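The block underneath contains the structure these notes are about, expressed in structure tokens.
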Amino acid sequence: MSNIYLTKLIDLENDGLNMAADGQFVYVRCKRAMYKFNLSDMNQVAHNNIFKKDGKARGFSICEGSIFLTGFCDLYILNKDDLHIQDTLRLGKDLSSDILGALLDSQKVYVAIRNGKMAVVDMVTKIIGNYDITDSSFWDYSIIGNRIYAGTVRGELVEIDKNSMRVIRKTELCKNKNIYSIMPDDGLLYLVSQDRSIKAVDLASFGILYTAKKAVGNMAKILGKHKDCLVVADSNKVSFWDIHSLQHRYTISIPTGAWSKGVVLAGNKLFGSDMQSIYSEELE
């Protein structure tokens, strides 16, 4: 494992935050608030208190001009520029129907609901369609063309037709082991799961091309691609894997926050966090 020389950027006391980068900015959800910082100097550009109470089961995604922030059963739609709330939608009712994620595609938002359900929100009309996709929850999913690919807590990869919201194909990749994170790239889908493996699945055949066994720990997260490497965050370290073979290249130490939610790859920089601060390091 290689050590890198971290640069402390700002002090931000938290109980587990979420981070994402977009353009020249990094966005942070910390406790009850959203923050926006300039990537070059970490000067605060915008701030807004969103929630009335603290909570850890939160996350957000950035799509075009909006931020889709999830908090229990509510979906908050924020303006990406100033972080003001544009709309709030109640999509669930209780612990059996809380929100697990949200992605925008064209004019519709696809929202994952616990127990294998998905709500589809038309951003123009605000009409909401509700669909039973599978019998197990999915934490992460990706939209490619007219298909949605979701990894379930039972270790299944599910292909969904975006128009009919029906399951087209389904395959078991790791029996009863949670698929934590997925990332599409050049006709392949990369996944990390609870069986500690990284897999590359060919989307045409739905077959596994490469597997790296005993590669990651609990709650690992794919951050993206850097040069010719897949970048994976895992328990205060980030590992780099050959994108074509999943051979391990190297691993560096960096704080990754609670459940690897407090780390992000932005160009040639890694941004990580612990419970007190946010750090950065430039990759060679």
List the pairs whose first member sits in region 201-226 and is at pLDDT 95 or above and aliphatic (A, V, I, L, M), whose second member is in a loop (DSSP other than H, G, I, E, B) and loosely packed, with under 14 Cβ neighbours inside 10 Å, and whose Cβ atoms are under 6 Å apart, counting only residues at least 6 apart or on separate chains?
-> Leu203/Gly187
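Can you say whether Leu265 is modelled with pLDDT of 95 or more and within 18 Å of the chain's Cα centre (by Cα), as far as the supplied structure shows?
Values: modelled with pLDDT of 95 or more: yes; within 18 Å of the chain's Cα centre (by Cα): yes.
For Leu265, the condition - modelled with pLDDT of 95 or more and within 18 Å of the chain's Cα centre (by Cα) - is met.
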Can you pull out the strands (runs of 3 or more DSSP E) entirely within region 107-184 that have at least 1 residues that are more than 20 Å from the chain's Cα centre (by Cα)?
-> 117-122, 128-132, 156-161, 167-172
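Based on what the data block shows, is Lys56 over 24 Å from Tyr131 (Cβ atoms) and in contact with a helix residue (DSSP H, G or I) (Cβ under 8 Å, 6 or more places away or on another chain)?
Values: over 24 Å from Tyr131 (Cβ atoms): yes; in contact with a helix residue (DSSP H, G or I) (Cβ under 8 Å, 6 or more places away or on another chain): yes.
Yes, satisfied.
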Complete set of residues in region 250-262 that are crowded, with 24+ Cβ neighbours inside 10 Å and either over 18 Å from Glu13 (Cβ atoms) or in contact with a Leu (Cβ under 7 Å, 6 or more places away or on another chain) (or both) = Ser260, Gly262
Since Lys199 meets every condition but one in (1) more than 20 Å from Lys261 (Cβ to Cβ); (2) in a strand (DSSP E or B); (3) touching a Lys or Arg at 6+ places or on another chain (Cβ under 6 Å), which condition does it not meet?
-> (3)
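Anything in region 124-165 that is closer than 21 Å to Ser193 by Cα and among the small types (Gly, Ala, Ser)? List them, or say none.
Residues of region 124-165 closer than 21 Å to Ser193 by Cα: 133-144, 148-160.
If the condition is that a residue be closer than 21 Å to Ser193 by Cα and among the small types (Gly, Ala, Ser), then Ser136, Ser137, Ser142, Ala150, Gly151, Gly155 are the ones that fit.
The values are calculated or read from the model by the stated rules, or taken from the named source; none is laboratory data. Source: prediction; values computed, not measured. Heads up, the Cβs are rebuilt from the backbone with ideal geometry, glycines too, and the neighbour counts pull from every protein chain shown.
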